[in-house]
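Throughout, read-outs are computed from the coordinates displayed, never taken from laboratory work. The shown structure was predicted, so the numbers you read here are calculated from the model rather than taken from an experiment. No Cβ is skipped: glycine too gets one built from the backbone with ideal geometry, and neighbour counts run over all protein chains shown.
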Amino acid sequence: MDRVHPAGFPDGAGGGDTALRGAAVHVPPGLDWEHGDPGCCALLTPMHNFPCNFSRLDVLFTSVITLQLLSSLLSGDKSVPFPGCVARCYFFSFLRTVEFFLLTCMTYDRCAAICNLLRYSLLMNGRVCVRVMLACWLGGSQPS
């Protein structure tokens with residue numbers, strides 16, 4: 001068994017004559033990672049760093065599932081190679097775990113900003129923020 005056949009597509013759905021034939025994957029200019037940080041991450045304060053990383057995470061999570069779906073719809077081939085299925089399951093699990101850790105850190109950040117308003121800049125400086133983000137991404141790889 002080298003291919004997986006998802007049960008979500010009946011035989012007639014997603015053939016080559018769909019309206020998505022001319023669709024292309026569009027990356028907005030603010031998310032162009034090849035030329036440095038995205039525009040939304042220009043502010044390096046912790047208050048803006050966490051939502052920026054969360055938006056990156058959402059783009060990555062969406063692309064894990066959506067690209068295979070578009071490929072299946074455009075080509076009409078409803079099977080997925082087994083290694084591709086395993087990789088998709090791994091990245092799905094990885095990104096969901098990172099999202100859990102990131103939301104937890106965002107909650108701590110907001111709590112620190114509200115409860116310790118005068119000490120917030122000492123508690124969540126740039127170095128601590130980078131360490132927390134690194135811990136989120138590394139922690140997400142452990143259960144996967």
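Considering (1) over 29 Å from Val64 (Cα atoms); (2) under 13 Å from the mean Cα position of the chain (by Cα), the lone condition that Arg119 does not fulfil carries the number (2).
Pairs, please: C-beta under 6 Å, at least 6 apart or cross-chain, first residue closer than 14 Å to Leu69 by Cα and in the stretch 81-98, second surrounded by 14 or more Cβ atoms within 10 Å (Cβ to Cβ) and not hydrophobic (A, V, I, L, M, F, W, C)? Once the first residue is closer than 14 Å to Leu69 by Cα and sits in the stretch 81-98, no partner that is surrounded by 14 or more Cβ atoms within 10 Å (Cβ to Cβ) and not hydrophobic (A, V, I, L, M, F, W, C) comes close enough. Taking the conditions (1) in contact with a helix residue (DSSP H, G or I) (Cβ under 8 Å, 6 or more places away or on another chain); (2) free of Cβ contacts under 8 Å to residues at least 40 places away in the same chain; (3) under 24 Å from Val59 (Cβ atoms) in turn, Leu123 satisfies each one other than (3).
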